[in-house]
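S.K.: Quick one: structure below, then a few questions.
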Amino acid sequence: VQLQASGGGLVQAGGSLRISCTSSRRLSSNNGMGWFRQAAGKEREFVAAISWNGANKLYGDSVKGRFTMSRDNAKNLVWLQMDSLKPEDTAVYYCAQNRGSSAATIGASYAYWGQGTKVTVSS
């Protein structure tokens with residue numbers, strides 16, 4: 001499985017950005033999906049996760065209420081709508097496919113990772 005993240009870029013604080021992730025294989029009912037991020041000099045951080053059918057979503061505390069994760073299995077697509085962006089959201093964002101069907105916050109739950117897309121939020 002290859003995951004391709006896209007949509008990153010430069011945005012001003014308070015702005016919005018949507019990043020997407022496509023899968024080389026059809027998204028199925030077997031796999032939850034997740035977004036993680038890593039800022040320069042920091043450890044990887046959980047951002048958001050979604051269950052196989054989109055019914056269950058989890059968010060990291062730092063993005064709760066500002067970010068929304070969605071998926072479209074028919075289009076092999078997941079995306080992360082990021083609103084009210086802050087400079088501290090600056091990071092490389094990675095999408096990942098869970099080994100299981102649930103939404104998961106732990107990186108070890110994920111078997112496949114995309115290459116990342118960089119998001120920079122200017123103050």
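S.K.: Over the chain, one equal point on each Cα, no solvent: what is log10 I(q)/I(0) by the Debye formula at q = 0.10, 0.15, 0.19 Å⁻¹?
M.R.: Result of the Debye calculation: -0.25, -0.58, -0.94.
S.K.: Related question: How many nm separate the modelled label positions at Arg26 and Glu43, each set 7 Å beyond the Cα in the direction of the Cβ?
M.R.: Label at Arg26, label at Glu43, 3.9 nm between them.
S.K.: A follow-up question, please. Does anything in segment 13-56 have its amide N under 18 Å from the 7 Å Cα→Cβ label point of Asp83, and if so which residues?
M.R.: Taking a point 7 Å out along Cα→Cβ of Asp83, the residues of segment 13-56 whose backbone N falls under 18 Å are 13-20, 48-49.
S.K.: Something else: Sort Lys64, Lys57 by accessible area with a 1.4 Å probe, largest first.
M.R.: Reading off the accessible areas and sorting them downward yields Lys64, Lys57.
S.K.: Please report the carbon-and-sulfur percent of the accessible area for the chain; probe 1.4 Å, protein heavy atoms only, DNA, RNA and ligands left out.
M.R.: Numbers: 2760 of 6070 Å².
After summing per-atom areas, the C and S share lands at 46 percent.
S.K.: So what is the relative contact order of the chain, in percent, for Cα pairs below 8 Å that sit 6 or more residues apart?
M.R.: 37
S.K.: Now a separate question. Could you state the accessible area per residue of the chain in Å², with a 1.4 Å probe and every protein chain left in place?
M.R.: So the chain comes to 49 Å² accessible per residue, rounded to a whole number.
The values are calculated or read from the model by the stated rules, or taken from the named source; none is laboratory data. As the structure is a computational prediction, the values presented were derived from the model and not from experiment. Because the Cβ atoms are built from the backbone with ideal geometry, glycine has one as well, and the counts that use them run over all protein chains shown. All accessible areas refer to the heavy atoms of the entire protein, side chains included, with ligands and DNA or RNA removed. Shrake-Rupley method; radii C 1.70, N 1.55, O 1.52, S 1.80 Å.
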